[in-house]
Amino acid sequence: MKTILFPTDLFDQSSTTLSYLHLMARVWQARVILLHVYQPVIADTSLPTFADPGMGSLATLDLETISQKHLNTLVEKFRSEGLDVVGEWRVGDVEDSIIDAAREFSPDILITQRSAVATFFDRLVGSAADDVARQAPCPVLFIPDDETEAGRPSVAFRSVAYVLQPTITQSMVTEQTSAIIDAFDAHLTVITPEQIEENKPDLFIIQRRETGFLGGLMGTDPTEKLLSSSQVPVLVYHAAE
């Protein structure tokens, strides 16, 4: 693992998410691309203008400058903590910009945080993180939202559970687990989707298999099941296009 892509504003990053980022970057001695996507403010033309029309443009420029400074501050903070970090500031749609950055930099992994999917409406509309994961050309590590989780375990990868599905070969299992197993000297267990709930590893690894609209909606997709209920990180691989 040489490169980690870490979007900063996909969600508010928890302390645990940052701890996993630090852990993986240090163990792999990887470079972190800290991506900040600024979405331009679109003025509401239906509202009356009481000042110079040019003020809106100036305000937008000020916000862009603040955004860039914020990114630079984060980069310096991470560097002071011993990480090899470069900042990448972009303007545009958040999801599209993250996917474009993943295609451009070809990171070994993209790390993001995701809140639990708890309602029918959430399953119907999905989430920004899931949309990115479906299109990103690299594995995506989802860190669960832990802000309300009591007694959370320490950040570590001592045990890994690989969820075996049809068409998955032994070589695929080895390829998708070796970086974690070798770097962290972790214990690997291969399980079926039906065994997910009875296993409590430090990390789940799964190959995404598209099950269609109804599969995700009804909760029969094992990847969606993990992303909605797992209290530990989930590393999602994608079928080669």
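For region 137-159, indicate whether the set of residues that are exposed (fewer than 15 other Cβ atoms within 10 Å of the Cβ), farther than 18 Å from ASP100 by Cβ, modelled with pLDDT of 65 or more and among the hydrophobic types (A, V, I, L, M, F, W, C) is non-empty. Within region 137-159, one or more residues are exposed (fewer than 15 other Cβ atoms within 10 Å of the Cβ), farther than 18 Å from ASP100 by Cβ, modelled with pLDDT of 65 or more and among the hydrophobic types (A, V, I, L, M, F, W, C).
If you go through region 24-39 and keep only what is in contact (Cβ under 8 Å) with a residue 60 or more places away in the chain and surrounded by fewer than 16 Cβ atoms within 10 Å (Cβ to Cβ), you end up with just VAL27. For region 182-225, give me each residue that is within 21 Å of PRO137 (Cβ to Cβ), of a type outside the set (Asp, Glu) and modelled with pLDDT under 90. Correct list: ARG208, ARG209, THR211, GLY216, THR223. When GLN176 is tested against (1) part of a helix (DSSP H, G or I); (2) surrounded by 15 or more Cβ atoms within 10 Å (Cβ to Cβ); (3) modelled with pLDDT under 70, just one condition goes unmet, and that condition is (3).
The values are calculated or read from the model by the stated rules, or taken from the named source; none is laboratory data. A quick note: this is a predicted structure, and the numbers were derived from the prediction, not measured. Please note: Cβ atoms are built from the backbone with ideal geometry, for glycine as well, and neighbour counts cover all protein chains shown.
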